[in-house]
Structures are given as C-alpha cells and as structure tokens.
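The values are calculated or read from the model by the stated rules, or taken from the named source; none is laboratory data. Note that the structure is predicted; figures quoted are calculated from it, not measured. Using ideal geometry, Cβ is built from the backbone for each residue, glycine included, and neighbour counts are taken over all protein chains shown. Surface accessibility is based on the protein's heavy atoms, side chains included, excluding ligands, DNA and RNA. Shrake-Rupley method; radii C 1.70, N 1.55, O 1.52, S 1.80 Å.
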Amino acid sequence: MTTTVDPRIAILSRLSDPPYNEVTETRCVPWDEAAQLLDAYRAAELRNFLWRLEQSSGDAVAAKLVEDNPDLAELLNATETEA
C-alpha cells in the first residue's frame, strides 16, 4: 500500500519555528503565508522541471506545455510578481 503525503502538510511540518501569536498564545503560520509558501514551492519545482525539459527537448516543448496548461502559467506568473 502506497501512501501519499499532501505537500501542504509536508511544508507546514517543516516550518521549525513559526511565529508566536501573542493574542492566542500559540505558534502558528497564517493561512495566507502558508499558501504563499506552498505556491512558491510548487513554482520552484515547476521551474526546475521546465528547465530540465528545455535541456532535453528544447524550449518549444516547455513553452507548449505551459501554453497548453493555463494553471501552470498562472502559478509561474503569480510567484514571479511576488518574488
């Protein structure tokens, strides 16, 4: 039996020292910040994949993949403007 770990849980569990919230007296990462971390991680992995695809198959193949998948283009564009 293969188990799949949700990448959001993996990222959140790797945050070794989230900020202390004085109001609730807890340590937590705000959901918006966690979502940004996840998007940044996904975009970095996608850029790495696209770079490797460009190296092996050429720029046109990688560009076509992004063109055919608007959600990938949206992820790349959103994280580029935040960086």
Per the list (1) open to solvent by 100 Å² or more (accessible area, probe 1.4 Å); (2) modelled with pLDDT of 85 or more, residue check on I9 breaks on (2)
Checking A63 against (1) modelled with pLDDT of 85 or more; (2) in contact with an Asp or Glu (Cβ under 8 Å, 6 or more places away or on another chain), which test does it fail? (2)
Of all residues in region 26-83, count the ones that are of a type in the set (D, E, K, R) and surrounded by 14 or more Cβ atoms within 10 Å (Cβ to Cβ). 4
